[in-house]
Structures are given as C-alpha cells and as structure tokens.
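First comes the structure, then the notes that go with it.
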Amino acid sequence: MGILDRVSMIVRSNVNSMLDKSSNPEADLNYFMLEMQDGMRQTEKAVQDAVVQKKVYEMQATDQRKRAQEWDAKAQVAVRANRDDLATEALRQKMQAEQEAERLDQLAKDQDGNASQLRTQLDELHKKYAETEQNKSNLIARYNMNKQAERVLGVKDPATGLPQSDYTRMQQKIMAEQVRAEMDEQSYRGAAAEAEINKLQAQETLEDELAALKQRMGQKPKTDAPSGNAAPPKGDDKPYDEK
C-alpha cells in the first residue's frame, strides 16, 4: 500500500467504529494515534521525495528534447546524401526522443500533483490527530455507552448473526469486486486495440515526417508515375474478327 493510500485510509477511519470492534479500546486508540504520527512522518518525507523526483524528470525531459534536435540535424544530413533509409531511422530516433520528453513531462506533472495531494492529506492527518487527542477521553466514554446499549438492545442481522453494519460492508465489498473485474476486462481489450492502432499511426507519422523534412529542405517528393502521355501498346489493336 502506497503512503497516499495509507494516509487516506487513516484520515477516513471512523474511530468510533474501530472502538466498537475493540476488546481494549484505550490501548487500540493509543496505537491508532501512533499510526497517525508515523503516517505524518512518512507523508512529510514523501512530499520531499516527490518534489525532488519532479525536478529530476524535468531535467531528463530537457535532455531528451536536445537529443531530438540532434537527430533532426542528422536526418537532414542523410536527406542531403539521398539516403532515405538513414533519414527515416534518424527521424524515428527523433520521434522516440520527443515521445520520451513528453512522457517525462507528464511524470513531472504527476509528481507535482502527487505532492499536492500529499500536502492536503498531511493537513487533514494533522487535524484528525489533534481532534483525536483532544477528544480521547470522550471517545472512550462513548465506547462504553455504546457497548452498554448493545448489550441491552442486541441489534444483529437475523439471517447471518452478524452486526448489521458488518453485513452491509460485506455485501458492498462483493459488489465492488464484481464491478472491478468487469472494468479490468474492458480495459484489457481497449489497450490491445490501442496498441495495434498506435503501430499504424507511428508508421504513417514517420512517412509524413520524412516528407515534411524534405519539403523543409527544398527537395521535391519523388513520383512513381512517369511524366507525359503513356505510349500506346505495340501490335495490331483491331479485333480478331475484323482481320
């Protein structure tokens, strides 16, 4: 579990629900507060790591854009030498460098967003810790009152014997797993189709890049068909029955 998921889970934790399941509420509450302290320390470190990694990605993206410029220059050399094969390969390398730069730019943005989310969760975690610490005695007292009420009322699901809240959570978990499995299957089919289409688009893009480079360098595109009118076929063109 990542730190963001862990902190999010701690922030969403229902302390009253946790104490309802506890056999030693005071000890479990103290442990939960230690978990929050550890979560705050790890979150602060994760924010620092995200900021550093963002800068690394930005530097790597800059290097890839320089590499793309170098391959563009090499492609021009190959075109001037009438080596379309080398020019095409150089353009392929240029495209890969540009794509890598875009990927790194996106990773840098993701790290920036991750750091922002972590800061938000850290603020909420600090707030939850302060509230829990302030209301610790009240939480224990409320726990004792709820246990007393449960012993008097005995509210349970008649079909399963489980507390109604636990039974409802179990149903929700099963439904969520079914929906997740369906979404994973749809995602796999879509990814396979997208990969095939991307291959076709990449080849078309390379051909377009080569044509654009030649046009930029003032070279006319090659034509397969000869200019002028085609010569008529040799031989007698009269039908057989007219001979």
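Of note:
- Accessible surface of segment 32-88, 1.4 Å probe, proportion on carbon and sulfur as whole %: 52
- Cβ-Cβ distance of Glu194 and Met33, R₀ of 51 Å, FRET efficiency by 1/(1 + (r/R0)^6): the value works out to about 0.60.
- Gain on full stretching of the segment that runs from Lys55 to Arg119 - 0.36 nm per residue minus C-alpha separation: 21.3 nm
- Among the lysines of segment 1-95, pairs at least eight places apart or on separate chains and with Cα atoms under 24 Å apart come to 9.
- With the simple model of a label 7 Å out from the Cα in the direction of the Cβ, Gln201 to Lys109 spans 1.5 nm.
- Global geometry of segment 1-134, whether rounded, prolate or oblate, following the gyration tensor of its Cα atoms and the 1.5 cut on a/c: prolate
- Stretching the chain fully between Glu26 and Ala141 yields a gain of 40.4 nm (0.36 nm per residue, less the alpha carbon separation).
- Gain in span if fully extended, Arg6 to Ser187, counting 0.36 nm per residue against the direct Cα distance: 62.6 nm
The values are calculated or read from the model by the stated rules, or taken from the named source; none is laboratory data. The shown structure was predicted, so the numbers you read here are calculated from the model rather than taken from an experiment. Every residue, glycine as well, gets a Cβ built from its backbone with ideal geometry; the counts of neighbours run over all protein chains shown. Accessible surface areas use protein heavy atoms only, side chains included; no ligands, DNA or RNA. Shrake-Rupley method; radii C 1.70, N 1.55, O 1.52, S 1.80 Å.
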